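See below for the structure under consideration.
The values are calculated or read from the model by the stated rules, or taken from the named source; none is laboratory data. Here the structure is a predicted model, which means the values were calculated and not measured. Using ideal geometry, Cβ is built from the backbone for each residue, glycine included, and neighbour counts are taken over all protein chains shown.
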Amino acid sequence: MPPLSSVLLVDDDPTTNYLNKLLLTRMDVAQQVLVAENGEQALRTLDQLCTAPANPTCPRLILLDMNMPVLNGLAFLEAYVQMPLAQQRAIVIVMLTTSLHAHDLARVQQLPIAGFLNKPLTREKVTGLLQQHFAQ
């Protein structure tokens, strides 16, 4: 499978971002791995990179943490669904979290996510995710 054009990691923990970016880079998952430290930064990144049609730097995959300051994963998703549909095209969003409370799980299932992965991100989890959502 050829690498994705771009992946966006959204997590407030710099160590987690570093390790996840290292893993994705070593696996040659994407030509570019972007990082946002909260949902607000992630929305700005999408706004900058995904407004032009077929922009190759627009992330194809977003790995989204749930618990973050400024704008958490749930608030990000709620804002994301308000974005123009052109910006939502073909972006797979996966929640990457340590735990999810039952009431958050119910709310998140109403929003456009492709699934959940428990931290830490591993080679096996990434491979499964790519096969499920990007295999041709």
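For segment 49-71, does any single residue satisfy the condition of being over 14 Å from the mean Cα position of the chain (by Cα), in contact (Cβ under 8 Å) with a residue 60 or more places away in the chain and under 26 Å from Glu124 (Cα atoms)? No, that holds for no residue. Applying the condition of being surrounded by 14 or more Cβ atoms within 10 Å (Cβ to Cβ) and over 13 Å from the mean Cα position of the chain (by Cα) to segment 115-132 and asking which residue is nearest to Arg60 (Cα to Cα) yields Lys125.
Filter segment 55-70 for residues that are of a type outside the set (A, V, I, L, M) and more than 12 Å from Val35 (Cα to Cα); which is surrounded by the fewest Cβ atoms within 10 Å (Cβ to Cβ)? Only one residue tops the list, namely Pro69.
Going residue by residue through segment 105-114, is there one that turns out to be surrounded by 19 or more Cβ atoms within 10 Å (Cβ to Cβ), at pLDDT 85 or above and of a type in the set (A, V, I, L, M, F, W, C)? No, the conditions are met nowhere in segment 105-114.
For segment 73-83, the count of residues that are farther than 18 Å from Leu9 by Cβ, in contact with a Cys (Cβ under 9 Å, 6 or more places away or on another chain) and at pLDDT below 90 is nonzero. When residues in segment 23-81 are screened for being among the hydroxyl-bearing types (Ser, Thr, Tyr) and in contact with a helix residue (DSSP H, G or I) (Cβ under 8 Å, 6 or more places away or on another chain), 3 of them pass.
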